[in-house]
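The values are calculated or read from the model by the stated rules, or taken from the named source; none is laboratory data. Since we're looking at a predicted model, the values are computed, not measured. Neighbour counts are summed over all protein chains in view; Cβ atoms, including those assigned to glycine, are modelled from backbone coordinates with ideal geometry.
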Amino acid sequence: MRKKYMLVDLFSGSYNEENIGYELLNDQKNPITGKYYGYLPPHDNPNILELGASSADGFIDDILVVFVRKTANTSIDRRVIGFYPSALVYKEKKGGEESARKFRDKDGSIKTASYSMESEEYYPVSSEFALVIETKKYNSYMFRKQRVYAGKYPELDSIIDDYIERLIDGEKLEDDIIAQQELQEISGASAQAVRNAPNRKVVFENQISGKKVLRNPQLAKSAIIAADYQCEVDSEHQTFLNKHGKPYMEGHHLIPCTVKNAREIEEQFRRNIDCKENIVSLCPICHRAIHLGNRDEKRRVLTNLFSKRQPILNEIGINITEQDLLRLYGVE
Ligand SMILES: [Zn+2]
Ligand SMILES: [Zn+2]
């Protein structure tokens, strides 16, 4: 995946408990727009050239922003506390007056927090999963300017990359397992056909970790019924009987049901990816291979499924190539 990123050190400098500074809003969803706006200490204004922008650009999009803080007051090591998976980063800070960014400073005055990052999602990282960056390994003063750009410490780049990828996969997997459970509750007889699903507007719901695409479990169920309770990679794959006496199969969105994908497909083709045509019936092994397999395994399962599904996706007006699909899984 290897994305441009920026490490941002929070809660250091001269801040204390009562006055942690403008970054107190970084992990708060803005009540007006539903987005996250991030302040970049010590005074915003990132060097977006370091992130791949050219000097004429006013911003750069799709930047991974990883927030860190000291592991302890007396330590120089940092731990990851959260991240924006894909932020827009402005060259110059924004005032924030128009977007509910007022807060009370420790002297009682009301301040408005500026920002220079904008993100649809924020993922907090609990301390048990936190990556610790041992600064001495790289440079004891690496956080002196409170920001570190990708490329400065190449060894760190791959560590950050792997770590974030694992976190994102973990989150997707958990979502998926909850969806499978819901899906198994529906018996074949009660599964209702949802008419015209590809043409419905995408619905988003807000969850703790950010915005999600609302999925209808009935759709996954009807995809499994349409596949006659067989694995679409290979109909010979055996599972076990579920509580309704049918072979256990899982539903998987071939174009993954992320906010980004749902928006892009809706914009480009006016279609909702939460539809039967985009859901494949898989045995648990093939399903896990897609999420957790190595590159070759993922590619093997995905190219197999794509060859079968491309005509069906085309029929409802979603025209993507195998290359496009593999790119969505980071294995092109
Ligand atoms: Zn899945
Ligand atoms: Zn299978």
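Taking segment 114-149 as the region of interest, how many residues are closer than 18 Å to residue 45 by Cβ and in contact with a strand residue (DSSP E or B) (Cβ under 7 Å, 6 or more places away or on another chain)? Give the steps one after another, and end with the answer.
Going through segment 114-149, the residues closer than 18 Å to residue 45 by Cβ turn out to be 114-119, 143-149.
Checking which are in contact with a strand residue (DSSP E or B) (Cβ under 7 Å, 6 or more places away or on another chain) leaves us with 114-119, 143, 146-149.
Looking only at that region, the number is 11.
Filter segment 246-257 for residues that are assigned to a strand (DSSP E or B) and away from ligand 1 (no atom under 16 Å from the Cβ) and give the result.
Filtering segment 246-257 for residues assigned to a strand (DSSP E or B) gives 247, 250-253.
The answer is 247, and nothing else.
Which one is nearest to residue 307 (Cα to Cα) among residues in segment 230-245 that are away from ligand 1 (no atom under 16 Å from the Cβ) and polar (S, T, N, Q)? Even if it seems obvious, please write down each step before you answer.
Of all residues in segment 230-245, those away from ligand 1 (no atom under 16 Å from the Cβ) come to 230, 234-236, 238, 240-245.
Filter again for polar (S, T, N, Q), leaving 230, 235, 238, 242.
Details: 230: 17, 235: 15, 238: 22, 242: 29 Å.
The qualifying residue nearest to residue 307 (Cα to Cα) is 235.
Taking into account only those residues within segment 285-295 that are modelled with pLDDT under 95 and in a helix (DSSP H, G or I), which is farthest from ligand 2 (Cβ to nearest atom)?
Result: 295.
Tell me the residue from 265, 273, 225 that is surrounded by 16 or more Cβ atoms within 10 Å (Cβ to Cβ), closer than 22 Å to residue 307 by Cα, of a type in the set (Val, Ile, Thr) and free of Cβ contacts under 8 Å to residues at least 40 places away in the same chain, please.
Values: 265 fails: free of Cβ contacts under 8 Å to residues at least 40 places away in the same chain; 273 fails: free of Cβ contacts under 8 Å to residues at least 40 places away in the same chain.
On inspection, the qualifying residue turns out to be 225.
Looking at residue 86, is it under 21 Å from residue 59 (Cα atoms), at pLDDT below 95 and under 18 Å from the mean Cα position of the chain (by Cα)? Break it down into steps so the answer makes sense when it comes.
Details: under 21 Å from residue 59 (Cα atoms): yes; at pLDDT below 95: yes; under 18 Å from the mean Cα position of the chain (by Cα): yes.
So residue 86 fits the description; yes.
Assess whether residue 157 counts as being closer than 30 Å to residue 287 by Cβ and assigned to a helix (DSSP H, G or I).
Details: closer than 30 Å to residue 287 by Cβ: no; assigned to a helix (DSSP H, G or I): yes.
No; evaluated as a whole, the condition is false for this residue.
Could you check, for segment 88-107, whether at least one of its residues is closer than 29 Å to residue 331 by Cβ and hydrophobic (A, V, I, L, M, F, W, C)? Quick ask: steps written out before the conclusion?
Step one: of segment 88-107, the residues closer than 29 Å to residue 331 by Cβ are 88-89.
Now restrict to residues that are hydrophobic (A, V, I, L, M, F, W, C): 88-89.
Among the residues of segment 88-107, at least one is closer than 29 Å to residue 331 by Cβ and hydrophobic (A, V, I, L, M, F, W, C), which makes the answer yes.
Would you be able to say whether some residue in segment 60-68 is in contact with a strand residue (DSSP E or B) (Cβ under 9 Å, 6 or more places away or on another chain), farther than 28 Å from residue 153 by Cβ and assigned by TED's automatic domain parsing to the domain that holds residue 153? Spell out how you get there, then give the answer.
Step one: of segment 60-68, the residues in contact with a strand residue (DSSP E or B) (Cβ under 9 Å, 6 or more places away or on another chain) are 60-68.
Imposing the further condition that a residue be farther than 28 Å from residue 153 by Cβ reduces the set to none.
No: zero hits.
Might you let me know whether segment 232-252 holds any residue that is within 18 Å of the chain's Cα centre (by Cα) and either assigned by TED's automatic domain parsing to the domain that holds residue 199 or under 19 Å from residue 205 (Cβ atoms) (or both)?
So far as segment 232-252 goes, yes, one or more of its residues are within 18 Å of the chain's Cα centre (by Cα) and either assigned by TED's automatic domain parsing to the domain that holds residue 199 or under 19 Å from residue 205 (Cβ atoms) (or both).
Would you point out which residue out of 260, 221, 243 is assigned to a loop (DSSP other than H, G, I, E, B) and modelled with pLDDT under 95?
Numbers: 260 fails: assigned to a loop (DSSP other than H, G, I, E, B); 221 fails: assigned to a loop (DSSP other than H, G, I, E, B).
The match here is 243.
Could you tell me whether residue 280 is within 11 Å of ligand 2 (Cβ to nearest atom) and assigned to a helix (DSSP H, G or I)? Give the derivation first.
Values: within 11 Å of ligand 2 (Cβ to nearest atom): yes; assigned to a helix (DSSP H, G or I): no.
For residue 280, the condition - within 11 Å of ligand 2 (Cβ to nearest atom) and assigned to a helix (DSSP H, G or I) - is not met.
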